[in-house]
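Before we start, here is the structure in question, set down as structure tokens.
Any read-out appearing in this document is the output of simple, stated calculations on the displayed coordinates, not a laboratory observation. In this text, all values refer to a predicted model and were calculated from it rather than measured experimentally. Glycine gets a Cβ as well: all are built from the backbone with ideal geometry, and neighbour counts include every protein chain shown.
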Amino acid sequence: MRALIERSRERPQAYEVALVLSDQPAALGLTVARDLGLAARTLPADRSSDRVEYGRALAAVIDQCAPSLIVLAGFMRILSAEFVDRYAGRILNIHPSLLPKYPGLHTHRKVIAAHDPVHGATVHFVTAELDGGPRIIQARVKVNPDDDEDTLAARVQTQEHRIYPVAVRWYCEGRLRCREGRAWLDGTALAEPVLYPDGDPARGD
């Protein structure tokens, strides 16, 4: 979240963060956002909260500021299909794996257990399928023999901070869209996600 805010201020013509919203009152991101002069709100929820009702309450708050794009950054609740349909093609998420490998939790642990040589992160459009929406951009990191979950996660997070603002900027500049179940960049459907930093330099990767 901090990376998204800071990058928006480096390139103010690209996008502006309108609101930071969390389901956890104690979330550090709320304090960070307020310290950076942004509006921040909490819409509390717990495990017993009904997903559909919570999604409707969340939508009511979001619609007050009418954003062009919703960006999930550390928001761990699974959104209802109704909520996702309401904002279809306007929700981005980042996931710490090279999707479609390892959707869900504990990705770093799974990569180490599988002895994968490469790990990474993926920005994708959100659909009703968990971590299954159209992929936009990926960054890769080498898995070292002595890596544990923490060291691997730290290197992946560094890449997340680089690729997420790129995808948000593409969307807000009108270059990125979701149509026909695919991600489209500069008028071309992506057969595979853009690989950062090896994408076309003309695209501003």
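Have a look at GLY133, GLY174, GLY120 and tell me which one the Gaussian network model of the chain (Cα, springs below 10 Å) gives the largest fluctuation.
GLY174
Give me the distance in nm between label points sitting 7 Å out from Cα along the Cα-to-Cβ direction at GLN157 and ALA3, one decimal.
Roughly 1.0 nm, to one decimal.
What's the magnitude of the charge dipole for region 2-203 around its Cα centre, counting Lys and Arg as +1 and Asp and Glu as -1 at the beta-carbon? Answer in Debye, nearest 20.
360 debye
Separate question: Quote to one decimal, in nm, the extra length available between GLU149 and GLU192 on full extension: 0.36 nm per residue of separation minus the C-alpha distance between them.
12.8 nm
Bin width 5 Å, origin at 0, all Cα-Cα pairs of region 2-203: what percent of pairs per bin?
1, 7, 15, 18, 20, 18, 13, 6, 1, 0
Specify which residue in the list THR158, SER8, VAL126 is farthest towards the positive end of the charge dipole of region 2-203, using unit charges on the beta carbon of Lys, Arg (+1) and Asp, Glu (-1), about the Cα centre.
The Cα lying farthest towards the positive end belongs to SER8.
A further question follows. Answer rounded, prolate or oblate for region 53-124, using the Cα gyration tensor with square roots of eigenvalues a ≥ b ≥ c: rounded when a/c is under 1.5, else prolate when a/b is larger than b/c, else oblate.
Prolate, since a/c reaches 1.5 and a/b exceeds b/c.
Of the DSSP beta bridges with both residues in the chain, give the percent that are antiparallel, rounding to the nearest 5.
70 percent
Sticking with this one: Mean Kyte-Doolittle of at least -1.0 and a Cα length of 18 Å or more along the axis: which whole DSSP H helices of the chain meet both?
51-65, 149-172
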